[in-house]
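Working notes, beginning with the structure itself.
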Amino acid sequence: APTAAPTAAPTAAPTADECFYPSRGCSTAGNRRLPLANAELCRVACEVTEGCEFFSYIPDESVGFLCLLCAAPENQDYEQCLDEGAPNGQCVGGPETCPGEPPEPLPAELLTSATTAAAEFCARGPDDFDWSTPNANNEPPLPFAGSDEEDLLGWALALFAITREWQDGVHDDDVAFQAALGPAADTSAAAILDNCGEAPCGYGAALVSNVRSFLLLYDANASRAFADDAKRRALFDEHSIFLADDGYFDEASVDAISNIYATLPTRLMEQGVLGAGTQFCTATCQEAFRCDDDTSQGRILVVTKTSFNVHRRRLGEMPENVFRKTTTGPTWPGTPMADNMMSVFRHETAHQFDRTMNPRQQELRTSIAGRCIVDENWLRAGLLVKEGSNAYFKAHHQEIVAGNIGNQYIYSTSTQLEVARYRADAVGDLLPMAWFAFEVDVVGDETSATFFERLGPGYTAAIPVGLDRAYAGGPVTQLRVPGCGYFDFAYDVSTGHLTSYAYTPGFGETDPATPCVPNLLGTPFPTREPTLEPTPAPSVPPTAAPSRSGFPPCGVIVMKGNDQNTVECETTPTEGYAFTCCDDSNACTRFHPVGTVGDETDTGPPYAFRAVTGANNMNGYCLGGKTDLEKPDPPNSFPVAGRWIASTYWEAKLKCEEYGLRLCDQKPPQDPDNPGVTSAGVAPHCKSTKCNKDDKMIWTDIPCEEYGQFTCAPTVAPTEAQTTTTVAPTDAPTD
């Protein structure tokens, strides 16, 4: 049950003839400015904010109106308040309290009152809510003077102000406030247990969101803050992201959001997204709290020191071409459209990476930007702004990492790399490649970096790549990309500018003109330079790989993709073939992100493998016969032909096991009525599954000896002749 009615409440705003002053200015304390909907809320904000003695409410071009929270009045008039077209009373100001009004509540009283108001609101329910009548326990109504809507906004604003001050350490020495924290948290948790979901126009949405934020700041216990929401609870528990969206984003959207943070390198999460000494990062969707034209609630949400705001748009509602106005080579298979919701989240997340940059990287960003002349010098050449990408980024350096790493690099690194290679090789413009090397510099640590590749709408995979730096913390001199090869970068010693790059194919790739699409297996290359001295013997035994078994001594069967009777015995695991992955039932599989056609009812993880049994499941992504798990738009079309890359036995085996599958290891069944016929969709060949492998030889994990035509006689090294004479045993033991 909710606690007793609050002991103090924000007082009602005075009437204009009491102590509001037209066109009155003031000096803000600590630059405290809030975009609020009306002067009454501005007055309440002053009352609940420590150090505010006077407020001023004035027009503002960007947000409509600004509430200034000031330490003292100032005898000045704001220019926008003197416009002839300004309506009478548009600019107002006044003291924190008017003569004869009670003093502002103490911080402990304000915290208790705000959380009690939330519990009372949730207990009564939004439909039956009426401040003027007793509740179900015959407890008296709360002592508010204004309308229900204004009161709810007032309490949300009170909790907003007191929580912000708490985060800033304002009340660290306030014994009464510290004692009130625990009971207020318990009251808040009780409110959430009442399933207090609230639509924006009920005017309780901001209050409930601020209650959740207060709970997380108190003990980081998402089980209490999100007792009614498993998806947002998991997002917080796994990635320390508080999604303040009034429940707007659906489950598929929240899963996709979680994928962003699951794939980010630990350093970028800890030093960037969760940097600045914050307990967690807050992602708000202010538009989700909007009621018609009233944006008040979205403006008073409690946030942490690292936070950002996103648009009101769910996964799948709007495609976006993040590589607009860029050019790639003629053999590039193309990159599907990105999802706008995800682009915005990636962009805002990448803003947090700026705080991870060292002085050299900051200077390098400024230096490269200064050399850019046209839009095409930038990887994000097609930014939809009036002035164009070049002018925009040169004027807004804080958008460079967010706009290029956020919108492109952590969506499809290989596409960015292809754009940079084309500009360097075909046009002679090294600036896009300089930007790419800079991005790897920011994303990577001392010895490795991460490439990101699109798996499906809203999802990406993280691929580790090896790198070398010129010195500790210096520029990147070499990248080792699985499935591609080596990229070497040379720089001018005096300026630090990129002077050349070179690509050397490797890992099965032989054509230097072929686009680089990383292997999703993600095993970084070793360095090409030999070590100067032998590596000491390891102190612990190396981990055995792969997990199921070693390469059979007599080899394994490779089978034609469209003919189970065409088989060979392969005894060299480093040869390259296509492959298929089977599930525990030995069925051929495809990769299916949740929400893909054929999986509309799937409520499992963000992705899963499904057996290829029927037309619907044909809509999944191919694995083992293409460069990646790519599938074209629209989502219900068959995968297109892509550049096929051979895989070694170990690559194939490990990639299957990475997703909880295995290389197909059982002989195909024989139809007694049609012996020798190769049926479609049957393991291990998986014929006619639209994955471009019917004409390829396929790795299996079937030992060669299971096929009678292959004999196995492993070579055993002969025992060397003994040089000593064996003494014949005696007939009986000696004494």
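The values are calculated or read from the model by the stated rules, or taken from the named source; none is laboratory data. Note that this is a predicted model, so its numbers are computed, not measured. Positions of Cβ are generated from backbone atoms using ideal geometry, with glycine treated the same way; all protein chains shown enter the neighbour counts. These area figures cover heavy atoms from the full protein model, side chains too; ligands, DNA and RNA do not enter into them. Shrake-Rupley method; radii C 1.70, N 1.55, O 1.52, S 1.80 Å.
Summing charges over all other residues whose Cβ lies under 14 Å from the Cβ of A470, with Lys and Arg as +1 and Asp and Glu as -1, gives -3.
Among the protein heavy atoms of the range 212-288, carbon and sulfur supply 40% of the accessible surface, probe 1.4 Å, non-protein parts ignored. The length gained by stretching the chain between A490 and R164 to full extension, at 0.36 nm per residue less their Cα-Cα distance, is 112.5 nm. Using a cut-off of 20 Å between Cα atoms, the listed pairs K560/K667; K305/K394; K667/K687 include K305/K394 as exceeding that distance.
For the range 238-341, the solvent-accessible area with a 1.4 angstrom probe is 41 square angstrom per residue. Note on C46: accessible area is roughly 0 Å² with a 1.4 Å probe, heavy atoms of protein only. Near T278, within a Cβ-to-Cβ distance under 14 Å, what is the net charge of the other residues, with Lys and Arg +1 and Asp and Glu -1? Within the 14 Å Cβ shell, the charges total +1.
Taking label points 7 Å from Cα along the Cα-to-Cβ direction, A230 and A262 give a separation of 1.5 nm.
Counting only protein heavy atoms and a 1.4 Å probe, the range 392-437 has 23 square angstrom of accessible area per residue.
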